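Participant: Take a look at this one; I'll ask things after.
The values are calculated or read from the model by the stated rules, or taken from the named source; none is laboratory data. In this text the structure is predicted, and so the values were computed from the model without any measurement. Cβ coordinates were reconstructed from backbone atoms using ideal geometry, including for glycine residues, and neighbour counts include every protein chain displayed. All accessible areas refer to the heavy atoms of the entire protein, side chains included, with ligands and DNA or RNA removed. Shrake-Rupley method; radii C 1.70, N 1.55, O 1.52, S 1.80 Å.
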Amino acid sequence: MDFFEEHKKQIMLAITAILLVVILITYGKKKNATIIESALGFVLTPVQELTTDIGNWVGSKIDWIRDKDNLATENEQLKEQIALLETENKRLRRYGIENQRLSELLKISQKYANYHTVGTKIIAKDPGNWYDIFLIDKGKQDHLEANMVLTASNGLVGKIIETGETYSKAQSILDSRSSVPAMSLRTEDLGVVKGEYSLMNHGLCRMEYIDSEAEIIEGDEIVTSNLSDVYPSGITIGRVKEIKTEANGLTKYAIIEPYVDFKHLDTLLVIGDIPEVETPVETPAEPQTETTTEPQTGTPEVEQ
């Protein structure tokens, strides 16, 4: 008994192996199973079913893991494709917006056919949320000069105050040093639109020197007047947000809300006088004089 208990596992395996050999030898020779084969089948069938189930479960898990890895790889590839498509979409959208702005500036330039106009882009600005002093990417080599006017598609931006060879420094109407002769489009009452630091932080400016009898009201459109040597008349500036009487009672002032979005400027149009083209001066040709050769007389001397 001690021997059997000690070697029970080996004995069972040996018996199982012998029974399997018997099954293989007698397979196909008998149509009916023997008692031993039936007993062995009774014992082995549940084991085979369990083994098959375990094999199927393991196989399904392996397939699931493989599918999961494949899905993870495909997911990463799809994420990369989506990122590329989003980048391309943003680029195309940016080009579309820029093309729209250029088209709008082209329409504006047609209104100023008697002026020198050129498109430009902002390349730098002073610190802060608002565009008061900034740089553009055109300069002297593009025939730009100080006091040329800058406009956006929806209104007046400001003017150039300094030029370099390939860039220019500009001042917007929000800057506290800016001053633009203006008028109400509806009533033609005059005034001067100026920048003010406290108003600039709200994207607003101020129209001063309005006559106390002027009929300007909230909502009126303000444009450049014909009293300026710098700004062409009729350029839209903005609308009257609020109007008040000065303390002296002799004049009024208005708070102006510009139509231009001075937080998000990009492409602008420069308007200036048409530059004079230097005509090369032709130097008159010198008159040609005829030279006559006098006949030589005598015998020419020969050097010794």
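Participant: What order do 269, 84 take when sorted by accessible area (1.4 Å probe), most exposed first?
Facilitator: Result, largest first: 84, 269.
Participant: Probe radius 1.4 Å, ligands and nucleic acids left out: which of 197, 253 has the largest accessible area, and how do the rest follow?
Facilitator: Values: 197 150, 253 40 Å².
Largest accessible area first, the residues go 197, 253.
Participant: Given Cβ point charges of +1 (Lys, Arg) and -1 (Asp, Glu) and nothing else, what value in debye, to the nearest 20, does the dipole of the range 151-214 about its Cα centre take?
Facilitator: 220
Participant: Using 32 Å as the Cα-Cα cut-off, could you pick out the over-long pairs in 107/138; 90/140; 79/138; 111/244; 159/252; 111/241?
Facilitator: Result: 90/140; 79/138; 111/244 exceed 32 Å.
Participant: Once fully extended, how much extra length lies between residue 208 and residue 11, figured as 0.36 nm per residue of separation less the alpha-carbon to alpha-carbon distance?
Facilitator: Value of the extension gain: 59.5 nm.
Participant: With θ set to phi - 60° and the Karplus curve 6.51 cos²θ - 1.76 cosθ + 1.60, what are the ³J(HN,Hα) couplings of the range 70-82 in order, to the nearest whole Hz, using x for Gly and Pro?
Facilitator: Using θ = phi - 60°, the values come out as 4, 5, 5, 5, 4, 5, 5, 5, 5, 4, 5, 5, 5 Hz.
Participant: Pulled fully out, how much extra length does the chain show between residue 154 and residue 68, if you take 0.36 nm times their separation in residues and subtract their Cα-Cα distance?
Facilitator: Contour length minus the Cα-Cα distance gives 25.4 nm.
Participant: Let me cross-check residue 149: its accessible surface, 1.4 Å probe, with only protein heavy atoms counted, in Å² to the nearest 10?
Facilitator: 0
Participant: Can you give the local net charge around residue 246? Use residues other than it whose beta-carbon is closer than 12 angstrom to its beta-carbon, Lys and Arg +1, Asp and Glu -1.
Facilitator: Neighbour charge sum, excluding residue 246 itself: +1.
Participant: Then there is this: Give me the distance between the Cα centres of the range 227-241 and the range 143-192, rounded to whole Å.
Facilitator: For the range 227-241 versus the range 143-192, the Cα centre distance is 9 Å.
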